[in-house]
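Undergrad: I am attaching a structure below and will ask some questions about it afterwards.
The values are calculated or read from the model by the stated rules, or taken from the named source; none is laboratory data. This structure is a prediction, so every number in the text was calculated from the model and none was measured. Please note: Cβ atoms are built from the backbone with ideal geometry, for glycine as well, and neighbour counts cover all protein chains shown.
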């Protein structure tokens, strides 16, 4: 069974940094593109960052470009999201999701990031 | 590709039919998925390839369309169907979601 477990969320001051982690299990991790999808309170879903299966390709939402960095360690079945220069509008639940043939077929439960002084 | 869903909110009584729409700013062929999200939960894949129902979802859920116009139909709403529904295209990079439709009582 596929399992994705996010961690690392919490309260951070504006301008601060945070590193999210996603532990994957139950599938061959190095086969799949992975996404961080975020959802601000009462809002819709947004692709925050994406990383290809081998880690060689990444993409970011315009809203986070230059501030966030996605990475993965296929030896540890982990994907990370390094977030910097955090702003109030980055406050959201951050989901780790597996892509299979374009579909986000497995999601973690999410980790909440709160940006507040 | 910009995905636009309508309506933003759909108020439906149990047992009634619900029709949700999703429009793409350019053709996505049949590379369109629908997700269901209930309060406090992660989204869950509901429909792939515009019309293929995911495992675990009953036949009252159906998807149709291709190109730029897509529809999700819930033939007879049950209490457990209320929540948020999102479409997502996977024909092009970057992947994009619609803004969602809330199905409420």
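Undergrad: Any idea which of B:50, B:42, B:54, B:33 is under 24 Å from residue A:36 (Cα atoms), out of contact with any helix residue (DSSP H, G or I) (no Cβ under 8 Å at 6 or more places or on another chain) and away from every other protein chain (no Cβ under 11 Å)? Can you show your working first?
TA: On the way: B:42 fails: away from every other protein chain (no Cβ under 11 Å); B:54 fails: away from every other protein chain (no Cβ under 11 Å); B:33 fails: away from every other protein chain (no Cβ under 11 Å).
B:50 is the lone residue from the list that is under 24 Å from residue A:36 (Cα atoms), out of contact with any helix residue (DSSP H, G or I) (no Cβ under 8 Å at 6 or more places or on another chain) and away from every other protein chain (no Cβ under 11 Å).
Undergrad: Determine if region A:86-93 includes at least one residue that is surrounded by 15 or more Cβ atoms within 10 Å (Cβ to Cβ) and more than 18 Å from residue B:41 (Cα to Cα). Can you show your working first?
TA: Here is the first cut: in region A:86-93, the ones surrounded by 15 or more Cβ atoms within 10 Å (Cβ to Cβ) are A:86, A:90-93.
Retained after the next criterion (residues that are more than 18 Å from residue B:41 (Cα to Cα)): A:86, A:90.
Within region A:86-93, one or more residues are surrounded by 15 or more Cβ atoms within 10 Å (Cβ to Cβ) and more than 18 Å from residue B:41 (Cα to Cα).
Undergrad: Hand me the list of strands (runs of 3 or more DSSP E) wholly inside region B:1-69 holding 2 or more residues that are surrounded by 15 or more Cβ atoms within 10 Å (Cβ to Cβ).
TA: Numbers: elements: B:3-6, B:9-11, B:18-24, B:32-37, B:44-48, B:61-66.
In region B:1-69, B:3-6, B:18-24, B:32-37, B:44-48, B:61-66 are the strands (runs of 3 or more DSSP E) which contain 2 or more residues that are surrounded by 15 or more Cβ atoms within 10 Å (Cβ to Cβ).
Undergrad: Taking region A:16-46 on its own, how many of its residues are touching a strand residue (DSSP E or B) at 6+ places or on another chain (Cβ under 6 Å) and either modelled with pLDDT under 95 or surrounded by 17 or more Cβ atoms within 10 Å (Cβ to Cβ) (or both)?
TA: 15
Undergrad: Consider region B:77-102. How many of its residues are surrounded by 13 or more Cβ atoms within 10 Å (Cβ to Cβ) and more than 14 Å from chain A (Cβ to nearest Cβ)?
TA: Number satisfying all stated conditions: 3.
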